[in-house]
Every structure is written in structure tokens, then in C-alpha cells.
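This report refers to the structure that appears directly beneath it.
The values are calculated or read from the model by the stated rules, or taken from the named source; none is laboratory data. Everything quoted here is computed from the prediction, not taken from an experiment. No Cβ is skipped: glycine too gets one built from the backbone with ideal geometry, and neighbour counts run over all protein chains shown.
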Amino acid sequence: MSSSSKPRVVVTRSLGPQVMGPFEARGDVEVDCWPEDTVVDRAWLLEHVKGAAGLLVAFGEKVNTELLDAAGPSLKVVSTMSVGYDHFDVPEIKKRGIKMGYTPGVLTNAVADLTILLILMASRNAGYTSALVQRGDWPSSPWSPYAFCGPQLSTIPSSPKRTIGFLGFGRIAQATLTRLIAFGVTDVVYTTRSLSADKDAEYAKQFPTLNSIKGVSLEDMAKQSDIVVLLAPGGDATYHMIGEAFLRQMKPTAILVNAGRGTVVDSDALAKALKEGWLCSAGLDVVEGEPNVGKDHPLVKEAKCVILPHLGSATIETRLGMANLAVQNVLGGLGLCEMGEVLDP
């Protein structure tokens, strides 16, 4: 695509003037950026990636065999502006010796903050009650002792125990727990790929105010938790892990929050569970098939389900940090600086 001797980096979306300005002004790299403020056209990408040394994807574009073949042997590094990498064909990329960069650490606090927001919105029925006000229906919804009530997050003398369950207990989950402790959370159960008493002891030292923290089976997490927080990655290993079997074991007063990946939850099963009262409510920042989630989606129809349009990292500070780190990673993969976050699963 270019006769320049400088390595060329293809960028699938402008990262804004604060990031693109310094990037494009560098004298040691050529930047080839999709010119529209839209999701990159696949045909454009397949054409422009030919002969590129680096690729920076900003919207989850599939980095698969088709794209890697189009790029050819010149491709040295792929970088994604995300913590998730299920849009990467990791085995194929590794087989070709291509370096991989992602941006997990910089968004930890933003996603943890949003997870707390989802817990509060779901527990206090903020979704459908705010919609009720916006529709003008508050005057026709007279006060009654238990109208609009949901389970309280913070502990009180008559209810002194709160158990939070985490599916996935990495950086974001631990940052979320740090915030929840301030609300009076007393006990934690978690499920990860590997559980051990040593890990339990390590976490107990990290969170000394808790009564208990323990790795448990998925079934036990469903049964014990007042709030279940899903922060697991996507992919085949976690696909529909939260389905009818899990949801039927939850407490009827419990809430489910997903700030990880939409594919972890079977949407039809969750809609059925909410409709039939197997659990109290749900708060979702991610939904399988997003953004194709219209008003007829079964979960959108459920009043006790609040859905946000994947806002986990959507703060100005975090998005700028992610963009800068994604640029650093692609430059690092070309040997022009140190890589910030190398993906080596």
C-alpha cells in the first residue's frame, strides 16, 4: 500500500486527536487509518492490511485467518483497544509468531465503578422506575408500603450478612470487591478455573475485614450468593455458563450482574428466570449479540432487567488511557518502544 521504508500500521478507527496527533507525527512509522467515524469496512481493511507491519483494532474486528492471510508475513504485531480478546484467533496468531497487545489494567477501576452502578440499579429497581417517571406514569402509581422495593446492598442489624459471588476473580472483580466492602459486604464466594485453599488464604489476607472468602463450585455460588457478579471472559469455555440450571438455584431475592461478556449468559433462560421469579433482578452491561439488542429482545421486555450499552470502560480518562496503551503496544511490537500489556495466554 506504500513505497515508504518505514513500518506501516493500520488503525481501524481514529483514536481522537489527543492520541492520533502524536502517533501520526512520529517520524519512524507510517499510520494508515480508516478515514470514517464508523466501524471499519471489512473490504477496506482486507485491502489496506496487505504488507502492514502492525494492526491496531479498536472495535473488536475479527483478527482471523482471513485477515492474517491478507496481511501476509510482514505483520509483526496486533494490538486491541480492549481487555477482551475473543475477537483474536489466538492460536493462529501465535502460530505465525505475531505479538499481541491488549489493554486490561487501565480499565480496571472504570469497570469496577460501573459494576457497582449495575448492582445498585438492579437492586433498587432503578431501570423500570426511572422509565415509569419518564413515561409520566408516576401520578398513577400511588405509594404503598412495599412498592418498588428491592434487596438492600448494605447490611443492617436485622440483616447482618451479605454474600457476593464472583464468576471470575481477577483484577476487576477484586477492585469491585474493594468497593463493596464499604457497603458492608461480609462474605465472598468465587468460581474460577482453578480453586485452592492456598488461594483462599491469600485472598483472606488481602481482604481482612471479610468474615470469609472461599472458592466454590458454580452450583454452590448460585445457592449462596445474594449478588452474583459475572466478570468472566468470553469464548467456548464460558459460553452460556449461566443458564437455566444455574438460575434455578439462585435465591429469589438475589440479583445477577454481568459486566464481563454477554455470551456467558443464556438470554432466554435469564428472561424466563426473571419472569417466573427465580431471582429478583438483573443488571447487564453486556448482552449476547450486542449491539443488535432491540426493543423486542426478551431481556429488554423484562422490567426487572436493567441494560446498559456496554459502558464498562466509557470514561474519558479510561478510553484515552486505553487508546494510548494500544498505540504503545503496537509500537512496542515493532521494537520502537516497550510494550505495555503483552497477551500471552
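Okay, residues lined up against (1) modelled with pLDDT of 95 or more; (2) more than 16 Å from residue 319 (Cα to Cα); (3) over 26 Å from the mean Cα position of the chain (by Cα):
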position	(1), (2), (3)
10	yes, yes, no
17	yes, no, no
22	yes, yes, yes
27	no, yes, yes
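Name the single residue that is surrounded by the most Cβ atoms within 10 Å (Cβ to Cβ) among those in the range 143-171 being over 28 Å from residue 313 (Cβ atoms) and of a type in the set (A, V, I, L, M). In this case the residue turns out to be 147. When 224, 206, 174 are screened for being among the polar types (S, T, N, Q), out of contact with any strand residue (DSSP E or B) (no Cβ under 8 Å at 6 or more places or on another chain), in contact (Cβ under 8 Å) with a residue 24 or more places away in the chain and buried (at least 17 other Cβ atoms within 10 Å of the Cβ), only 174 passes. Would you check if residue 121 is closer than 28 Å to residue 316 by Cα, in contact (Cβ under 8 Å) with a residue 24 or more places away in the chain, outside the structural domain of residue 230 (by TED's automatic domain parsing) and not in a loop (DSSP other than H, G, I, E, B)? Spelling it out, it is not the case that residue 121 is closer than 28 Å to residue 316 by Cα, in contact (Cβ under 8 Å) with a residue 24 or more places away in the chain, outside the structural domain of residue 230 (by TED's automatic domain parsing) and not in a loop (DSSP other than H, G, I, E, B). With respect to being under 30 Å from residue 57 (Cα atoms), aliphatic (A, V, I, L, M), modelled with pLDDT of 95 or more and surrounded by 14 or more Cβ atoms within 10 Å (Cβ to Cβ), residue 112 fits the description. Name the residue, out of 285, 200, that is surrounded by fewer than 21 Cβ atoms within 10 Å (Cβ to Cβ) and assigned by TED's automatic domain parsing to the domain that holds residue 161. Matching residue, one of 285, 200: 200. Restricting attention to the range 68-92, the residues that are of a type outside the set (S, T, N, Q), crowded, with 22+ Cβ neighbours inside 10 Å and in contact with a helix residue (DSSP H, G or I) (Cβ under 8 Å, 6 or more places away or on another chain) total 5. Residues that are among the aliphatic types (A, V, I, L, M), part of a helix (DSSP H, G or I) and touching a residue at least 40 places away in the same chain (Cβ under 8 Å) within the range 315-345 comprise 320, 322, 323, 325, 326, 327, 330, 331, listed in sequence order. Is it the case, given these coordinates, that residue 233 is in a loop (DSSP other than H, G, I, E, B), in contact with a His (Cβ under 9 Å, 6 or more places away or on another chain) and at pLDDT below 95? No, not satisfied.
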